[in-house]
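The values are calculated or read from the model by the stated rules, or taken from the named source; none is laboratory data. Just so it is clear, the structure is predicted and the values come from calculations on it, not from any experiment. Cβ placement follows ideal geometry from the backbone for every residue including glycine, while neighbour counts extend to all protein chains displayed. The protein model used for the area step is the full one, side chains on, heavy atoms only, and it has no ligands, DNA or RNA in it. Shrake-Rupley method; radii C 1.70, N 1.55, O 1.52, S 1.80 Å.
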Amino acid sequence: HHLADRQFPQGAEAVDLGKENYVQLRGAGVAELIATLRSGEPSNTVKYVSNPKAEALVTRATDAMNQRDYSTAATLLEEAKKLNPQQNNLWFDLGVVAENRGEKWEALQDMLAELNNHPEGDNAYGQAVRLSVAANDKRTAEQTLERWSARYPTNPLPLIQLSEMQLADNQPEKAEENADRAMGMLTDYGRNRYPDLQLTLGVAQMRTGKQ
């Protein structure tokens, strides 16, 4: 069984996604995949097997994008998607192509699809967060940062971003906890590189009455 070609939030069918008309492939339902995406739990229907032909196409697409040839990249990626809709970096690259076309909502869905298929993909977390923030979708941004942090618990970057967001979102207790955890991961040199983190922590402590 293939997984669904596309993960749609409710009502997204009404959104104009440009020329492509994404249809569900046979297999797992879109609703199930959405639930998987939102919960951050890998679906037990996902059994990833790389397809050498699809992998070669994705590599060629990445090379084309590095040459700023996005139309060639898009064609190669569509071919790869037919061979294996779960190919590593497929949805990441589709997201880059979509953003280049100005389809930012589409690009965000692609990055989330990459994370759903390959939760180890470090780069896709950062891109999904950036696109969520640009779309003013705080909830997706915070959830993605939480998933990133859970996957890479020794990386302070998602915690730094998450604590800033939580403070702005009137969640000072969570902001303090995450800023404190991030501080604990950084050396003195690291802390000096992220002066905003100390500010976030200080403000959060004031708001929770700890200062």
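Please enumerate the residues belonging to region 117-126 that are open to solvent by less than 10 Å² (accessible area, probe 1.4 Å) and either in contact with a helix residue (DSSP H, G or I) (Cβ under 6 Å, 6 or more places away or on another chain) or not in a loop (DSSP other than H, G, I, E, B) (or both).
Residues satisfying the conditions are ALA124, TYR125.
With respect to being open to solvent by less than 20 Å² (accessible area, probe 1.4 Å) and touching an Asp or Glu at 6+ places or on another chain (Cβ under 9 Å), ALA204 fits the description. Checked against (1) in contact (Cβ under 8 Å) with a residue 40 or more places away in the chain; (2) farther than 28 Å from VAL97 by Cβ, GLU146 passes all but condition (2).
Being within 30 Å of ASN88 (Cβ to Cβ), modelled with pLDDT of 95 or more and under 21 Å from the mean Cα position of the chain (by Cα) is true for just one of ASN178, ASN155, ASN116. Which residue is that?
ASN178
Let's see how each residue does on (1) surrounded by fewer than 16 Cβ atoms within 10 Å (Cβ to Cβ); (2) of a type in the set (D, E, K, R):
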site	(1), (2)
MET111	no, no
LEU115	no, no
ALA128	no, no
LYS138	yes, yes
TRP148	no, no
PRO172	no, no
ARG181	no, yes
LYS210	yes, yes
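Restricting region 151-160 to residues that are open to solvent by less than 80 Å² (accessible area, probe 1.4 Å) and part of a helix (DSSP H, G or I), the residue that is farthest from GLU103 (Cα to Cα) is PRO156.
If you go through region 86-109 and keep only what is assigned to a loop (DSSP other than H, G, I, E, B), touching a residue at least 24 places away in the same chain (Cβ under 8 Å) and surrounded by fewer than 20 Cβ atoms within 10 Å (Cβ to Cβ), you end up with ASN88, ARG101, GLU103.
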